[in-house]
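Colleague: Take this structure, written in structure tokens, and hold onto it; I'll ask about it next.
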Amino acid sequence: MLAPIDELRRIAALLTTCLLLLPGTPSHGADAPEIALTAKAEETLDQWRGQSELLDQAAENLYRALSANPRYAKAYVQVGRLHIMGGFYQSRYFEPSSLTTAEKAILKAIEIDPKFADAYVLLGHLYMNMKRAAKSREALRTAERLGTSSPWLPINWALLLEAEGKADEAAAKYLQVIESGTTNLKALSSAYGQLQTYYIDKGELARAEKIYLAHVKADPRSAWTHGNYASDLLFKVGDYDRAIEKAREALAIMDYGYARQTLALALYAKWATMVVKHHDANGGQKYFEQAQHIYPSLAWVRQEARCCPTLRIILEALATTGR
């Protein structure tokens, strides 16, 4: 599980607290330092895949940007992104205080520039994560009315449609982003990942595999590309061998908690298959030992297995072997 580092939370909280209290000053010219610093922070955040050091770098550049010009709306949008990322745990779970602070920063950007469409795009994303669907829809409609080419607008609409049970309409939005030719790799990766999950949920595994391979080609350095696919293969398909393979590919790029969890559970499930279906406890022992090395707590394993049908075989194997 990814969790924000306490020091990062402290730095990010201080950053926004200080910056939101800064008095307004006239905007600078086109060569002003805040422009380059904010662009650098945005580029850094676009590369984020759970690395806390990137958030630290972005925080430093945003502090410098808004110290130079406290009325630079684009910087406040990136402060909002920083806090959303800094509060991320896994899936769509966030530290609530990080989302509240992000909202303050985004609303500050809109206060400075009420016609800044991309601020409303991010606001729509934020409100979805705050479980405020009506406010999300309102923000995305405002972004559409103001006009923006941001690939995050169709992605955020797709996420809202998914929450409403309109998976086919959401998939069309993700495909729109993929076919748009966007150079925003983070947005493109999001669209690929969501579309991959859509096909897996429909049982169209060949199409999901095709999307996964296209995703790898578009973003070969991303551990999450492999790790999220491993998760889908484990929890939704029950393909333990390929889940092990893809989780290991993810960890070869970056060692992070969710991929370790996926690998451990896939190894436990592989062991359980050997015990229950093949009656070969000795042959499966190596998988059990590898899983134990990663996550030794069988209480945690039981809890996870109870929650997921593809992992129930682990409970049976644990009972069979008296563990």
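Colleague: Which condition breaks for V275 when tested against (1) crowded, with 21+ Cβ neighbours inside 10 Å; (2) on the phi > 0 side of the Ramachandran plot?
Modeller: Against the list (1) crowded, with 21+ Cβ neighbours inside 10 Å; (2) on the phi > 0 side of the Ramachandran plot, V275 comes up short only on (2).
Colleague: Then there's this: Which residue pairs have Cβ atoms closer than 8 Å, lie 6 or more positions apart in sequence or on different chains, and pair a first residue in the range 297-323 that is under 20 Å from K236 (Cβ atoms) with a second residue that is hydroxyl-bearing (S, T, Y)?
Modeller: V301/Y268; V301/Y295; A305/Y268; L311/Y268; I313/T273; I314/Y268
Colleague: Would you be able to say whether some residue in the range 244-252 is in contact (Cβ under 8 Å) with a residue 40 or more places away in the chain, at negative phi, crowded, with 16+ Cβ neighbours inside 10 Å and not β-branched (V, I, T)?
Modeller: Scanning the range 244-252, I find no residue that is in contact (Cβ under 8 Å) with a residue 40 or more places away in the chain, at negative phi, crowded, with 16+ Cβ neighbours inside 10 Å and not β-branched (V, I, T), so the answer is no.
Colleague: If I ask for residues that are over 20 Å from G284 (Cβ atoms) and small (G, A, S), which ones from the range 231-247 would you list?
Modeller: Within the range 231-247, just S231 meets the criteria.
Colleague: Against the definition (at pLDDT 90 or above, small (G, A, S) and surrounded by fewer than 18 Cβ atoms within 10 Å (Cβ to Cβ)), how does A134 come out, yes or no?
Modeller: The answer is yes for A134.
Colleague: Hey, another quick one. Quick check on my filter: what residues within the range 185-216 are touching a Ser or Thr at 6+ places or on another chain (Cβ under 8 Å) and surrounded by fewer than 18 Cβ atoms within 10 Å (Cβ to Cβ)?
Modeller: V216
The values are calculated or read from the model by the stated rules, or taken from the named source; none is laboratory data. Here the structure is a predicted model, which means the values were calculated and not measured. All Cβ positions, glycine included, derive from the backbone under ideal geometry; neighbour counts span all protein chains shown.
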